[in-house]
Amino acid sequence: MTQGLYTVLSNEKIADSIYLMVLEGDTSAFSKPGQFLNIKLDGLFLRRPISVCDYDDDTITIIYKVVGEGTEMMAEMECGEQLDILTGLGNGFDTSLSGDSPLLIGGGVGVPPMYGLCKALVEEGKKPTVILGFNKESEIFYKEEFERLGATVYITTVDGSVGTKGFVTDVMKNLDYSFFYTCGPMPMFRAIEKTAKTSGQYSFEERMGCGFGACMGCSCKTLTGGYKRICKDGPVMMREEILWTQE
Ligand SMILES: Cc1cc2nc3c(=O)[nH]c(=O)nc-3n(C[C@H](O)[C@H](O)[C@H](O)COP(=O)(O)OP(=O)(O)OC[C@H]3O[C@@H](n4cnc5c(N)ncnc54)[C@H](O)[C@@H]3O)c2cc1C
Ligand code: FES
């Protein structure tokens, strides 16, 4: 983990309430897709965790949805402004588990970490298939970016305005794949858990406290390893270790 000041290079609205921000600064603490950063915002006690969508030697791309005070402040930031950020947080996805034809499933703001993962898998010579789930057309983002990586992309919308009408699992149930990776809301996870035919990894974007393992605020019981902290031992967990507590 490192802490540093990052400069906003761009901050654009790309879909309903969804913004893409490019930050310039030290990216050396990141080593895997699926890791996250934690942003300090003036006047707010807790930092706000956001997944890394993509990064290179000196820039980080994040995509965030405006849902409250912190993300509203982010949406108003202009080029040249600086943010205090903790980087290199979380364990990230394990691409060595993917097999040749992994399935990546992103729901809403669970889509961004799937992009970095897709890029890494393609670079390793794998052939990913991607399902992106949204509520409606105006919320869709990043379809073309995944296609440009060479992935086969399916879109689902709850209202049927684009792609398959329904949920990601309406596409997932008809596909063959070697392993799955997913990030998105809990109801989507529960549906995936009932549909999945292989092992997989889930990335949790639940609320958290410190974000780096100190407060135990994100601790959860696992099937295999006692308690784990979502922020430090996760946010990515193996399908086989997750204890699904509520229906
Ligand atoms: C590891 C991790 C990665 C994340 N990655 C992304 C990302 O890539 N893009 C993105 O848009 N968001 C992501 N989130 C969620 C993001 O952290 C929250 O949306 C953000 O902190 C909300 O801050 P706020 O001040 O705007 O909202 P608040 O004022 O704190 O809350 C506003 C409303 O949003 C709800 N809310 C807050 N946090 C969450 C959450 N984590 N999940 C569901 N509802 C929440 C609150 O209950 C409240 O109703 C991630 C969360 C985690 C833990
Ligand atoms: S949020 Fe503090 S230990 Fe995870």
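The values are calculated or read from the model by the stated rules, or taken from the named source; none is laboratory data. On a predicted model such as this, the values are computed, not experimentally measured, just so you know. Positions of Cβ are backbone-derived with ideal geometry, glycine not excepted, and every protein chain shown enters the neighbour counts.
Take residue 207 and decide whether it is basic (Lys, Arg), on the phi < 0 side of the Ramachandran plot and in a loop (DSSP other than H, G, I, E, B). Against the criterion (basic (Lys, Arg), on the phi < 0 side of the Ramachandran plot and in a loop (DSSP other than H, G, I, E, B)), residue 207 qualifies. Whenever a residue of the range 4-29 is basic (Lys, Arg), its partners that are within 15 Å of ligand 1 (Cβ to nearest atom) and assigned to a strand (DSSP E or B), lying with C-beta atoms within less than 6 angstrom and at least six residues away or across chains, give the pairs 13/19.
Listed conditions (1) within 16 Å of ligand 1 (Cβ to nearest atom); (2) touching a residue at least 60 places away in the same chain (Cβ under 8 Å); (3) aliphatic (A, V, I, L, M); (4) assigned to a helix (DSSP H, G or I) are all met by residue 83, apart from (4).
When the residues of the range 229-247 are filtered to those that are of a type outside the set (Val, Ile, Thr) and more than 19 Å from the chain's Cα centre (by Cα), the one that is nearest to residue 36 (Cα to Cα) is 241.
Look through the range 210-220, keep the residues that are part of a loop (DSSP other than H, G, I, E, B), within 25 Å of residue 108 (Cα to Cα) and more than 9 Å from ligand 1 (Cβ to nearest atom), and return whichever of them is farthest from the chain's Cα centre (by Cα). Talk me through it step by step, then tell me what you get.
The first filter runs over the range 210-220 and keeps only residues part of a loop (DSSP other than H, G, I, E, B), leaving 210-218.
Restricting the remaining residues to those that are within 25 Å of residue 108 (Cα to Cα) gives 210-212, 217-218.
Right, trim to more than 9 Å from ligand 1 (Cβ to nearest atom) and you get 210, 212, 217.
Numbers: 210: 19, 212: 17, 217: 20 Å.
Ranking the qualifying residues of the range 210-220, first place goes to 217.
Residue-level check: of (1) over 23 Å from residue 141 (Cα atoms); (2) within 13 Å of ligand 1 (Cβ to nearest atom), residue 6 misses just (2). Within the range 143-155, residues that are within 14 Å of residue 123 (Cα to Cα) have Cβ atoms under 9 Å from residues that are of a type in the set (Lys, Arg) in these pairs: 149/119; 150/127; 151/127, counting only partners at least 6 apart in sequence or on another chain.
Checking the structure you have, find out if any residue of the range 202-214 is under 29 Å from residue 178 (Cβ atoms) and either near ligand 2 (Cβ under 9 Å from one of its atoms) or touching a residue at least 60 places away in the same chain (Cβ under 8 Å) (or both). Break it down into steps so the answer makes sense when it comes.
Residues of the range 202-214 under 29 Å from residue 178 (Cβ atoms): 202-206.
Add one more test, that the residue is either near ligand 2 (Cβ under 9 Å from one of its atoms) or touching a residue at least 60 places away in the same chain (Cβ under 8 Å) (or both), and what stays is 203, 205.
Yes.
May I ask you to list the residues in the range 177-201 that are within 16 Å of ligand 1 (Cβ to nearest atom), assigned to a helix (DSSP H, G or I) and either under 18 Å from residue 49 (Cβ atoms) or in contact (Cβ under 8 Å) with a residue 40 or more places away in the chain (or both)? Within the range 177-201, 186, 188, 189, 190 meet the criteria. Within the range 221-236, the residues that satisfy the criterion of being surrounded by 11 or more Cβ atoms within 10 Å (Cβ to Cβ), more than 12 Å from ligand 1 (Cβ to nearest atom) and in a strand (DSSP E or B) are 221, 222, 228.
Residues in the range 87-98: is at least one within 8 Å of ligand 1 (Cβ to nearest atom) and assigned to a loop (DSSP other than H, G, I, E, B)? Scanning the range 87-98 turns up at least one residue that is within 8 Å of ligand 1 (Cβ to nearest atom) and assigned to a loop (DSSP other than H, G, I, E, B).
Looking only at the range 79-103, filter to residues that are more than 18 Å from the chain's Cα centre (by Cα) and of a type in the set (Gly, Ala, Ser); which one of those is surrounded by the most Cβ atoms within 10 Å (Cβ to Cβ)? The selected residue is 101. Of all positions in the range 169-185, none carries a residue that is closer than 21 Å to residue 13 by Cβ, of a type in the set (Val, Ile, Thr), at pLDDT 95 or above and touching a helix residue (DSSP H, G or I) at 6+ places or on another chain (Cβ under 6 Å).
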